[in-house]
Amino acid sequence: MNDSPVLERRYRRLLVWFPAEHRREYAEEMMSVLLAATPEGRRWPRLADALDLMMGGLRARLGRRGAGLSDARWPDALAVCSVALPVTLLAALAVNYLWNLLPALDFYGVSDFYLPALALALPPLIALRHRRAAALAALVAAAWFWFLLLGSLTVWIDGLEASYCVALLVQVIALAGSPGPRRAAAIMTWKTWLVLSAAGLTMGAASIYYPWSLGTWEAAAVVFAFLAAVGAGLVVTLPTPTALRLLLLLAVPAVPCAVWVLQFTAAMAGNASQDPFPVLAFLPVLLLACASAAAAWQARGGSKTA
Amino acid sequence: MTNQAMQEPTFLILTALAAGAQHGYGIMTDVARISGDRVRLRAGTLYAALDRLRGDGLIDADREEIVDGRLRRYYRLTPSGADALAAETARMRSNAAVATRRLRKLAST
């Protein structure tokens with residue numbers, strides 16, 4: 001039996017990988033077992049134990065009873081989504097705006113951020129008092145953005161624009177199908193706000209400092225690492241069923257954006273011409289949107305009969 | 001209950017509890033003993049499995065005690081758990097019997 005308080009503290013940090021419900025039920029027992037199985041004098045968790053706790057925690061989060069994607073937890077996920085999209089984009093916008101204030105610096109495409117960011121940000125603010133009016137405002141903002149976009153199109157919509165388009169659509173659905181941002185504020189912790197803000201700030205910084213000279217595979221690794229970090233952050237800081245649904249909703253605008261970054265990287269590296277945005281990239285968006293809509297609709301029916 | 005084969009750690013945990021109620025560390029050491037040290041469960045895997053088995057009604061909490069200021073919860077096999085273990089044992093025995101017969105035939109040719 002190892003009684004080191006340092007070791008115990010380090011094991012407790014690893015237990016964060018498990019969902020809160022699991023920790024409430026088993027954390028003290030698990031501490032007993034972990035300390036009993038660790039030789040005296042050791043101050044760091046064994047690597048095998050650390051990996052096992054991480055994997056066990058992920059399995060518990062993904063396979064937990066009631067954590068399926070078809071029960072009536074969609075309203076909460078939609079409520080958080082209605083806040084997550086504008087918070088992330090506004091944080092990105094703030095970085096760009098501050099960067100633009102610096103003299104003699106210009107960044108092509110910075111203004112791309114402003115319009116969708118404002119279109120996304122205003123309705124949730126209205127929704128604090130008038131949710132239906134906010135959903136309508138989001139729809140008008142989306143229609144306005146689509147109108148401007150379609151009017152300026154010369155060749156083909158690019159992935160970033162596609163991402164904004166679907167983000168605005170998701171925002172309309174999120175506001176119309178959820179109890180609104182007040183509910184989101186009750187579910188989200190300060191850590192969730194931190195994860196979303198950090199994601200937005202990273203996106204904003206990446207739009208200025210992104211090393212376009214990266215190879216395609218390196219860029220894919222960077223994009224994947226960013227998405228994985230944000231996903232893990234949300235899963236850890238929100239109730240698991242809500243987090244999983246939220247990730248599905250956020251994936252709808254994230255997929256075309258990620259594809260665009262990779263495509264643009266390849267074009268900048270000279271590996272490919274900047275072809276029109278591949279139509280196939282819309283397929284996961286369509287599938288995700290259909291799956292989200294079907295699950296949300298099913299949940300709506302389920303909650304009515306429950 | 002599905003007809004799927006039980007995973008080995010699940011089988012070993014249920015086998016450990018077939019001897020009587022045990023706490024987490026006891027199950028861990030018993031599983032290692034039963035499997036001849038081949039299967040060594042760690043805390044993360046063990047408690048993910050215990051949570052799932054409790055959810056499936058195959059095991060249940062028996063009692064709790066505090067030892068050296070630390071919580072110990074004992075788990076026991078439920079009647080459903082005993083049935084599931086018996087069914088899995090019968091399935092494995094039947095498979096083993098077929099394999100044994102065929103190996104004997106192979107050896108004699």
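The values are calculated or read from the model by the stated rules, or taken from the named source; none is laboratory data. All values reported here derive from a predicted model rather than from experimental measurement. With ideal geometry, Cβ positions are generated from the backbone for all residues, glycine too; neighbour counts draw on all protein chains shown.
For the range A:2-22, the candidate set comprises residues that are within 23 Å of B:GLY26 (Cβ to Cβ) and surrounded by fewer than 18 Cβ atoms within 10 Å (Cβ to Cβ); within that set, the residue that is nearest to the other protein chains (Cβ to nearest Cβ) is A:ASP3. Residues that are surrounded by fewer than 14 Cβ atoms within 10 Å (Cβ to Cβ), part of a helix (DSSP H, G or I), modelled with pLDDT of 75 or more and more than 12 Å from the chain's Cα centre (by Cα) do not occur anywhere in the range A:241-259. Restricting the range B:62-74 to residues that are among the aliphatic types (A, V, I, L, M) and loosely packed, with under 14 Cβ neighbours inside 10 Å, which is nearest to the other protein chains (Cβ to nearest Cβ)? Among them, the one singled out is B:VAL67. Inside the range A:23-42, can you point out the residues that are outside any loop (DSSP other than H, G, I, E, B) and either more than 8 Å from chain B (Cβ to nearest Cβ) or charged (D, E, K, R) (or both)? Correct list: A:ARG23, A:ARG24, A:GLU25, A:ALA27, A:GLU28, A:GLU29. Determine the pairs where a residue that is more than 9 Å from chain B (Cβ to nearest Cβ) and closer than 10 Å to B:GLY44 by Cβ, located within the range A:43-72, has a partner that is at pLDDT 80 or above and in a loop (DSSP other than H, G, I, E, B) with Cβ atoms under 7 Å apart, the partner being 6 or more residues away or on another chain. Matching pairs, first to second residue: A:LEU58/A:TRP17. For the range B:6-35, give me each residue that is more than 12 Å from chain A (Cβ to nearest Cβ), out of contact with any Phe, Trp or Tyr (no Cβ under 7 Å at 6 or more places or on another chain) and of a type in the set (Gly, Ala, Ser). If the condition is that a residue be more than 12 Å from chain A (Cβ to nearest Cβ), out of contact with any Phe, Trp or Tyr (no Cβ under 7 Å at 6 or more places or on another chain) and of a type in the set (Gly, Ala, Ser), then B:ALA16, B:ALA18, B:ALA19, B:GLY20, B:SER35 are the ones that fit. If you go through the range B:32-58 and keep only what is of a type outside the set (Gly, Ala, Ser) and over 26 Å from A:VAL16 (Cα atoms), you end up with B:ARG33, B:ILE34, B:ASP37, B:ARG38, B:LEU58. Of all the listed residues (B:LEU41, B:LEU85, B:LEU46, B:LEU53), the sole one being touching a residue at least 12 places away in the same chain (Cβ under 8 Å), away from chain A (no Cβ under 13 Å) and buried (at least 16 other Cβ atoms within 10 Å of the Cβ) is B:LEU85.
Out of the range A:141-189, which residues are hydroxyl-bearing (Ser, Thr, Tyr) and modelled with pLDDT of 75 or more? Selection gives A:SER163, A:TYR164, A:SER178, A:THR189.
All told, B:LEU77 falls short of being within 14 Å of chain A (Cβ to nearest Cβ), of a type in the set (A, V, I, L, M) and surrounded by 15 or more Cβ atoms within 10 Å (Cβ to Cβ).
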